[in-house]
Amino acid sequence: MLGNQDRSQEDLFVACPLRELVPDDHVLKRVNKVLDLSWLRAEVRELYCDDNGRPSIDPEAAVRLMLAGFFQGVVHDRKLMREAQVNIAMRWFAGYQLHEKLPDHSSLTRIRQRWGEERFKQIFERTVAQCIAAGLVNGETVHMDATLIRADVSWDAVREQHVARVIAENGAEDEPRPQEPRRGRPRKPETGTQKVCTTDPDATLAKTSTNDIANPSYKQHTSVDDEAGIVLDVEVTTGSTAEGGRLREQIERVEKRTGRKVKTATADSAYGTASNYAACEQRGTDAVIPPQRKKPRSACIPTVQFKYDAKHDVVRCPRGRTLLRKTRVENGWVYRPRAKDCKTCPLRAGCTTAKTGMRTVTIEDGYPALLRARRRWCERDASARAAYVRHKWRAEGIHGEAKTQHGLRRAVRRGLWNVRIQAYLTAAVMNLKRLAAALLHALLALCASGVSPGKPGTCPRGYLGTFSHLAPSRREPARRAA
């Protein structure tokens, strides 16, 4: 029989609460009970006047609206409020009834400006603490990686500007640090130019590989736990920041946040510097990082053929001649041979250029640790390669999920602090998803084994009560589970 739906008469009343209209397996319904924002009102109270002005938007409702948008991949405020106007799940999650008017999109912008990035960082840190309390974080193996976030600017806003003018306009904070005077001929004055963005000065040009085109970008540095993929640390910098110099700070922040010692840290070859290997050895952390491959200079014997003797602090060339330590540079020492040794060497034509006439070798700080790391990867350490395989789908998978599902491929707003807020909320959303899913699986496992939720030694009843409707019944476990 062909059915007919009457659309001429609209409903005047809804005879059930909004919760009943939201599907039980909806992500917002699963996350509702694991999300705790009761502390937020007292945290932001000092930013508002108690006896003057109009009542503000409830802080928890504002954050819930933002999080609901990130869960659905809606990161623009205008589009978020349009979607929340007709989305029952978003209304229920934020605490708005069907007849209530939603706040204007500009109110969310003013809230971010008033609160600052630190309040949103606390929201992210609270989700990490919840995951630690739920037993989802091991803290011993951490995967670290960085990714570029395209800035919210157009190429028409990128201009070339003289370096001297940029330094003069930015003031003393961005001036280069004073260095010791160099010997020899003075350097030529800096007359080059650099590209800057006029609409978003915090964004800098960066690219993922040498073959790509540099775009105005920000860079997110992420630390992910190996146990369940919980994001433990997030830091956003300008796009030109080298990720290799952030490794030690990331490990320290992770250890402070989890209260546990990081035993294994994995990263890609961008972190494979001598200083990082040496720092990890000093703190007792196993650095599973492939060493960087440096391109040899044209028509010259590569530096790897020069043997470094750490005991006597000398370098020996392929002919066995000794190079002595001479000059200190920013990240190491320069070793030079005697002039007569290079002058009579039969390998001089392939080792030096006609202009220099003498070969110099720079040994970085922590070079012995770099040699041990190279030897380890050449010997194909099975444990290191297995940990690096997990790094690829843990750390890089987090970045892929954030960009494809939660809108982190491109910055929504301009300014470093705005991008940091976006990164904190995205990381918080991914942690909440994993927390809700893990607790649901724990409830299903407990019910399947015949253990009642809330029994001592099991997960808290407050969390598990959210998913009790999905648990199989004791009377018919086979049919419900199927």
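The values are calculated or read from the model by the stated rules, or taken from the named source; none is laboratory data. Only a predicted model underlies this, so the values are computations on that prediction, with no experimental measurement involved. So basically every Cβ, Gly included, is an ideal-geometry build from the backbone, and we count neighbours across all protein chains shown.
Of all residues in the stretch 250-300 being at positive phi and not hydrophobic (A, V, I, L, M, F, W, C), which is farthest from the chain's Cα centre (by Cα)?
Checked the stretch 250-300; the qualifying residue farthest from the chain's Cα centre (by Cα) is G284.
Only one of Y277, Y308 is aromatic (F, W, Y) and not assigned by TED's automatic domain parsing to the domain that holds T352; which?
Answer to the selection: Y277.
Confirm whether A270 is of a type in the set (A, V, I, L, M) and closer than 21 Å to R375 by Cβ.
yes
Do you know which of the residues in the stretch 396-415 that are crowded, with 17+ Cβ neighbours inside 10 Å and hydrophobic (A, V, I, L, M, F, W, C) is farthest from R110 (Cα to Cα)?
Among those that are crowded, with 17+ Cβ neighbours inside 10 Å and hydrophobic (A, V, I, L, M, F, W, C), it is I398.
Would the stretch 91-104 turn up any residue that is small (G, A, S) and touching a residue at least 40 places away in the same chain (Cβ under 8 Å)?
Scanning the stretch 91-104, I find no residue that is small (G, A, S) and touching a residue at least 40 places away in the same chain (Cβ under 8 Å), so the answer is no.
What residue, of R413, R409, is in contact with a helix residue (DSSP H, G or I) (Cβ under 6 Å, 6 or more places away or on another chain) and of a type in the set (D, E, K, R)?
R409
Please determine whether any residue of the stretch 57-66 is outside any helix (DSSP H, G or I) and at positive phi.
no
Residue check: is E379 closer than 30 Å to R150 by Cβ, assigned by TED's automatic domain parsing to the domain that holds A428 and not polar (S, T, N, Q)?
no
Can you say whether R374 is more than 18 Å from H143 (Cβ to Cβ) and more than 27 Å from the chain's Cα centre (by Cα), as far as the supplied structure shows?
no
Tell me the residue from T204, T266, T273, T241 that is touching a residue at least 60 places away in the same chain (Cβ under 8 Å), touching a strand residue (DSSP E or B) at 6+ places or on another chain (Cβ under 7 Å) and not small (G, A, S), please.
The unique qualifying residue is T266.
Starting from residues that are of a type in the set (K, R) and under 30 Å from M430 (Cβ atoms), keep the ones in the stretch 356-395 and report whichever is surrounded by the most Cβ atoms within 10 Å (Cβ to Cβ).
Selected residue: R394.
On the given criteria, is G272 among the small types (G, A, S), crowded, with 18+ Cβ neighbours inside 10 Å and under 26 Å from Y424 (Cα atoms)?
No: the conditions fail for G272.
What's the total number of residues in the stretch 130-145 that are touching a residue at least 40 places away in the same chain (Cβ under 8 Å) and part of a helix (DSSP H, G or I)?
Looking only at that region, the number is 3.
Restricted to the stretch 275-313, and to residues that are at pLDDT below 90 and of a type in the set (K, R), which residue is surrounded by the most Cβ atoms within 10 Å (Cβ to Cβ)?
If we take residues in the stretch 275-313 being at pLDDT below 90 and of a type in the set (K, R), then K307 is surrounded by the most Cβ atoms within 10 Å (Cβ to Cβ).
Out of all the residues in the stretch 291-304, is one or more of a type outside the set (S, T, Y) and not in a loop (DSSP other than H, G, I, E, B)?
Among the residues of the stretch 291-304, at least one is of a type outside the set (S, T, Y) and not in a loop (DSSP other than H, G, I, E, B), which makes the answer yes.
From the list D104, D36, D58, exactly one residue is among the acidic types (D, E) and surrounded by 15 or more Cβ atoms within 10 Å (Cβ to Cβ). Which is it?
D58 is the lone residue from the list that is among the acidic types (D, E) and surrounded by 15 or more Cβ atoms within 10 Å (Cβ to Cβ).
Filter the stretch 72-88 for residues that are surrounded by fewer than 22 Cβ atoms within 10 Å (Cβ to Cβ) and part of a helix (DSSP H, G or I) and give the result.
Result: D77, R78, K79, M81, R82, E83, Q85, V86, I88.
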